[in-house]
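Participant: Take a look at the following structure, please.
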Amino acid sequence: RADIQLLVGDASSVRATAGFEAHRLAEDTYRVVLPETHPLAHREEIELAELASERWIDNESPSGWCRRNLLDACSAAGVTPVFQVQAHDYAMAMAFVEAGLGITVLPAIAARELPPTLRSIPVVRPAPTRTISVVVRRTVADSPPVRLILDTLTSLAAERP
């Protein structure tokens, strides 16, 4: 019912219904955040299976799509993360990483601004991804405020960590 809806999930789940138009903003890959002193901290990429023995810090709601997305990728890599800390928030998860409690895997957009003591490295094989989209009511799609919102979201989504 809203004029603008921001959706995060699988690319196939975004469909514009009658009277709405969908705009895909970004494919947001996941990254592991770890201390700069970690043995893997200076790698270009890290395979998900390489994180199997790490102490994990959760950063999502247990019933949320992003957590299920990560767990599905872990399962495909043969990894069953054991969450040592349940943060349910990206900033708090990174604070726990900075405190030395473990590592966290989160969407790249969330890893844009890190404390100087942390590193963010792409996770591969598999590379979990989420799609960020906006669905807009057609009757307001060309209004200046909505155009400004869409342009701002598109610009923010285009930035990379």
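The values are calculated or read from the model by the stated rules, or taken from the named source; none is laboratory data. All figures in this text were calculated on a predicted structure; none of them were measured in a lab. Every residue, glycine among them, receives a Cβ derived from its backbone with ideal geometry; neighbour counts consider all protein chains shown. We work out accessible area using only protein heavy atoms, side chains counted, and drop any ligands, DNA or RNA first. Shrake-Rupley method; radii C 1.70, N 1.55, O 1.52, S 1.80 Å.
Participant: Hey, among VAL134, VAL105, which residue is assigned to a strand (DSSP E or B), more than 27 Å from ILE46 (Cα to Cα) and touching a strand residue (DSSP E or B) at 6+ places or on another chain (Cβ under 8 Å)?
Facilitator: VAL134
Participant: Scan the range 78-97 for residues that are assigned to a helix (DSSP H, G or I), surrounded by fewer than 17 Cβ atoms within 10 Å (Cβ to Cβ) and of a type outside the set (Gly, Ala, Ser) and jot them down.
Facilitator: Residue satisfying the conditions is MET92 alone.
Participant: Here's a follow-up. Among the listed residues SER75, SER133, SER120, SER61, identify the single one that is of a type in the set (S, T, N, Q), modelled with pLDDT under 95 and open to solvent by 20 Å² or more (accessible area, probe 1.4 Å).
Facilitator: So the residue among SER75, SER133, SER120, SER61 that is of a type in the set (S, T, N, Q), modelled with pLDDT under 95 and open to solvent by 20 Å² or more (accessible area, probe 1.4 Å) is SER61.
Participant: Report, ordered by the first and then the second residue, all pairs with beta carbons closer than 9 Å, sequence separation of six or more or different chains, a first member in the range 134-161 that is within 10 Å of GLU21 (Cβ to Cβ), and a second member that is surrounded by fewer than 16 Cβ atoms within 10 Å (Cβ to Cβ) and of a type in the set (Val, Ile, Thr).
Facilitator: Final answer for the pair search is VAL134/THR154; VAL135/THR17.
Participant: I would also like to ask the following. Tell me whether the range 140-159 contains one or more residues that are in contact with a His (Cβ under 7 Å, 6 or more places away or on another chain), open to solvent by less than 70 Å² (accessible area, probe 1.4 Å), farther than 15 Å from GLU27 by Cβ and not aromatic (Phe, Trp, Tyr).
Facilitator: Our first condition is that a residue be in contact with a His (Cβ under 7 Å, 6 or more places away or on another chain); within the range 140-159, this holds for 150.
Next, only the ones that are open to solvent by less than 70 Å² (accessible area, probe 1.4 Å) stay: 150.
Those left that are additionally farther than 15 Å from GLU27 by Cβ: 150.
Now drop any that are not not aromatic (Phe, Trp, Tyr), which leaves 150.
Yes.
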